[in-house]
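The values are calculated or read from the model by the stated rules, or taken from the named source; none is laboratory data. Bear in mind that the values here come from a model prediction, so they are computed numbers and not experimental data. Cβ atoms come from the backbone with ideal geometry, glycine included; neighbour counts cover every protein chain shown.
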Ligand SMILES: [Fe+2]
């Protein structure tokens, strides 16, 4: 056995941690690009307090507040241009996965030449040579775990791709996880984000890169997250459930950064690129089917999750794996997430395009290899 494990060198996980951001930021730079997304954070007053704190700590702020929706080439390049022209020396991303990924990509590209497109896997050929700017990540949803991953997922609507810019040095210098920020997240976003985290925990558990570090994390956090997500969805003010989800989301990022993902994320990227399907919604819909497919092709490790997820041990491992898939499907149903590809807009007419857009890095790490034709057949079987 051999493996590597990389994560953020400093993690600050606590209620109210957001108050520590100004001091943390001041320790890393004096000119900060602050990347945010939608307006909910602005309305909450969190940003006003943050900007006051940064000013009090002598940090000059350049604000970029257009990181909503999935990060596109244009959104990231605009952040890069702004950061370059302002001469920033540190980047803070506070928001959902979009804000964090936009900030992370911008921190990587600003000190290097050109556009983010040049650095995207399978799209560009440039390499990040100059060290990325120090990057601080503060999630406001419990989902992507981007605060502890080394990649940012970028989409092109025109070219219909959704791929990563990735470099170990793009890992956040500090991950600041404050469950308080997730309390006001509405149920539909809670559901989609939470299913992304659960999908990341379960998919990373069965890849070829899975290792005992990640296994321990997935075995502990998957059942707890599946229980807490129901409670956080029913009652956004359930602080214990919110805390459990914030922790599970961060840990899911650790797992995916070190063990990779699988076909649910592969096809999820295709659905995002071709049909604009929200990432967590795609993950929740696809995961039970991917577990069943993999289990039918000999991947039995899912059964290890059954005692904690389903409350019983299965002598037959394939039965155990199927029971885990059923439990995930039940959860997605409870959260009122779409249950079929047709509901997401997939038809026989766009299946070829979808399959082609699904064959990225996550697909390659699925424990059962998929050819393009097999991917197409799998998608067809789910319509
Ligand atoms: Fe994900």
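Some observations on this one:
- Among the residues making up segment 235-245, a single one is touching a residue at least 24 places away in the same chain (Cβ under 8 Å), surrounded by fewer than 17 Cβ atoms within 10 Å (Cβ to Cβ) and part of a helix (DSSP H, G or I): 239.
- Residue 330 vs. criteria surrounded by fewer than 17 Cβ atoms within 10 Å (Cβ to Cβ), assigned to a helix (DSSP H, G or I) and in contact with a helix residue (DSSP H, G or I) (Cβ under 7 Å, 6 or more places away or on another chain): no
- Filter result (under 23 Å from the mean Cα position of the chain (by Cα), closer than 17 Å to residue 116 by Cβ and modelled with pLDDT of 90 or more) within segment 38-88: 64, 66, 71, 72, 73, 74, 75, 76, 77, 78, 79, 80
- Residues being closer than 25 Å to residue 69 by Cβ and either out of contact with any helix residue (DSSP H, G or I) (no Cβ under 7 Å at 6 or more places or on another chain) or within 12 Å of the ligand (Cβ to nearest atom) (or both) - total across segment 233-259: 5
- Qualifying residue in segment 175-184 (condition: outside any helix (DSSP H, G or I), more than 13 Å from the ligand (Cβ to nearest atom), more than 29 Å from residue 28 (Cα to Cα) and in contact (Cβ under 8 Å) with a residue 24 or more places away in the chain): yes
Yes/no per residue for (1) surrounded by fewer than 24 Cβ atoms within 10 Å (Cβ to Cβ); (2) outside the structural domain of residue 30 (by TED's automatic domain parsing); (3) out of contact with any strand residue (DSSP E or B) (no Cβ under 7 Å at 6 or more places or on another chain):
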site: 114; (1), (2), (3): yes, no, yes
site: 131; (1), (2), (3): yes, no, yes
site: 135; (1), (2), (3): no, no, no
site: 140; (1), (2), (3): no, no, no
site: 145; (1), (2), (3): no, no, yes
site: 148; (1), (2), (3): no, no, no
site: 165; (1), (2), (3): no, no, no
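- The set of residues from segment 267-278 being away from the ligand (no atom under 11 Å from the Cβ) and part of a helix (DSSP H, G or I) comprises 267, 270, 271, 273, 274, 275.
- Residue within segment 346-356 that is in contact with a strand residue (DSSP E or B) (Cβ under 6 Å, 6 or more places away or on another chain) and either touching a residue at least 24 places away in the same chain (Cβ under 8 Å) or farther than 18 Å from residue 278 by Cα (or both) present: no
- So residue 219, is it more than 16 Å from the ligand (Cβ to nearest atom) and surrounded by 23 or more Cβ atoms within 10 Å (Cβ to Cβ): no
- Scanning segment 273-290 for residues that are over 19 Å from the mean Cα position of the chain (by Cα) and either in the same structural domain as residue 164 (by TED's automatic domain parsing) or surrounded by 24 or more Cβ atoms within 10 Å (Cβ to Cβ) (or both) yields nothing.
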